[in-house]
Amino acid sequence: YVFLIVATVIVVFVLYWFLDRNKLFHEWSHHMAKVGESYKVFVPWMVRLSLGIALLGAGTFGYFLSPVLARNDVLSFLQILLGFLLMAGFLVGPSAVAIIFLFFYALAQDMYMIGAFDMLALVFSLFILDSRRPGIDDILGIPDYTHIKPLKPYLATILRCGVGIAMAYLALYEKILNPNLSVYVVEVTNLTEVIPVSAYMWTFAAGVIELAIGVALIIGLKTRLTSVVALLVLSMSFFYFEESVTSHVTLFGILAIVFILGPGKRSVDEWLHKKLYHSK
């Protein structure tokens with residue numbers, strides 16, 4: 001196992017070293033980043049869509065924000081209502097305030113909700129963005145009194161930290177510190193036949209990868225590349241484990257938005273860019 005870990009680390013670093021010096025890869029990545037930045041106009045709609053689908057799914061399937069919390073018919077109806085309001089772009093500000101209260105109420109019931117900080121970050125972004133467009137609020141001319149314009153430069157920072165904290169917490173809590181349930185999943189899905197190591201080794205490795213991705217997002221290191229890797233890992237896990245997408249749709253949404261916005265303020269990427277710019 002030690003040999004396997006060392007070999008994997010060496011392969012990853014060699015691959016990164018090769019790509020970092022590959023002209024075609026740099027041209028392709030710059031093209032992707034440029035196209036991604038052109039999608040910034042769609043970010044408010046992406047935020048509302050991600051949150052709206054997640055809330056509709058939670059309300060329809062009868063759980064409260066996360067499958068770990070108990071069913072509540074009143075809260076299920078409220079989640080469906082808020083989901084529809086967000087997707088229609090109607091009363092977005094009050095809806096965002098209501099979701100904030102719901103999230104902290106859920107957090108008070110179970111600290112596992114730290115693993116849903118991606119949802120919290122998306123809700124906070126509604127206060128930073130002009131999130132009425134496209135939507136009924138914009139058509140009717142309903143003002144957005146909750147718009148916090150001074151925080152706009154930190155939008156990318158809030159989003160990448162939110163999803164990074166969620167992924168790092170779940171890696172530590174679910175896979176490294178309390179691995180039994182994850183080990184059971186590995187065993188029943190026969191992952192040990194894909195790579196012949198123990199179920200505990202599988203779980204530990206998955207936790208380390210998820211933790212590394214989370215930390216990289218929090219500090220803003222190779223942010224766009226990390227978001228793509230996270231999306232690929234998440235997509236493969238859904239295809240293999242056939243999990244419910246609605247309870248994780250905010251992860252897909254926020255990672256796509258992080259790719260579009262880039263690292264933002266207070267990031268290693270920003271520091272490296274400034275250092276490279278001044279050196280020239």
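General remarks:
- Shape of the stretch 1-156, Cα gyration tensor, a/c cut at 1.5: oblate
- About the Cα centre, charge dipole magnitude for the chain (Lys/Arg +1, Asp/Glu -1 at Cβ), debye: 1140
- Placing pseudo-labels 7 Å out from each Cα toward the beta carbon at Phe104 and His30 gives an inter-label distance of 4.6 nm.
- Gap separating the Cα centres of the stretch 209-237 and the stretch 81-125, nearest whole Å: 23
- Most fluctuating residue given options Ala108, Ala216, Ala166, as computed from a GNM of the chain linking Cα atoms under 10 Å: Ala108
- Look at where the Cα atoms of the stretch 1-19 and of the stretch 184-199 average out, and the two centres are 22 Å apart.
- Accessible surface, per residue, of the stretch 161-232 when the full set of protein chains is kept, probe 1.4 Å, Å²: 49
- Prolate/oblate/rounded call for the stretch 150-205, Cα gyration tensor, a/c under 1.5 rounded: prolate
- If the segment from Leu172 to Lys265 were pulled out straight at 0.36 nm per residue, it would be longer than the present Cα-Cα gap by 30.9 nm.
- Highest mobility in the GNM of the chain, judged by mean-square fluctuation with C-alpha springs under 10 Å and restricted to Trp45, Trp28, Trp202, is found for Trp28.
- Distance in nm between pseudo-label sites at Ser235 and Val197 (7 Å out along the Cβ direction from Cα): 2.4
- Rg ratio for the stretch 194-234: its Cα radius of gyration over 2.2 N^0.38 Å, N being its residue count, equals 1.31.
- Lys/Arg +1, Asp/Glu -1 at C-beta; the stretch 1-159 dipole; positive extreme among Trp17, Gly141, Phe77: Trp17
- √(5λ) per eigenvalue of the Cα gyration tensor, the chain, largest first, Å: 32, 27, 15
- Taking Phe239, Phe90, Phe252 as the candidate residues, the one with maximal mean-square fluctuation in a Gaussian network model of the chain, Cα springs under 10 Å, is Phe239.
- Average Cα contact separation per residue, the stretch 99-154, under 8 Å, 6 or more apart, as relative contact order %: 31
- Where the stretch 12-150 is the region considered: accessible area per residue in Å², 1.4 Å probe: 56
- A simple charge model with +1 on the Cβ of Lys and Arg, -1 on the Cβ of Asp and Glu and nothing else charged puts the dipole of the stretch 124-177 at about 200 debye relative to its Cα centre.
- Each Lys and Arg adds +1 at its Cβ and each Asp and Glu adds -1 at its Cβ; summed about the Cα centre, the stretch 68-164 shows a dipole of about 200 debye.
- Percent carbon-and-sulfur accessible area, the chain, ignoring ligands, DNA and RNA, probe 1.4 Å: 72
- Helical segments meeting 24 Å axial Cα length and Kyte-Doolittle 0.5 threshold in the chain (DSSP H): 2-20, 43-61, 92-109, 199-219, 223-241
- Gyration tensor (alpha-carbon) shape descriptor, the stretch 154-242, a/c threshold 1.5: prolate
- Leading residue at positive end of dipole, the chain (Cβ point charges), from Ser38, Asn190, Gly162: Ser38
- Percentage relative contact order, the chain, counting C-alpha pairs under 8 Å, at least six apart: 21
- Accessible area (Å², 1.4 Å probe, nearest 10) - Ile195: 80
The values are calculated or read from the model by the stated rules, or taken from the named source; none is laboratory data. All values derive from a computational prediction rather than experimental measurement. No Cβ is skipped: glycine too gets one built from the backbone with ideal geometry, and neighbour counts run over all protein chains shown. The accessibility values were calculated without ligands, DNA or RNA, using every heavy atom of the protein model including side chains. Shrake-Rupley method; radii C 1.70, N 1.55, O 1.52, S 1.80 Å.
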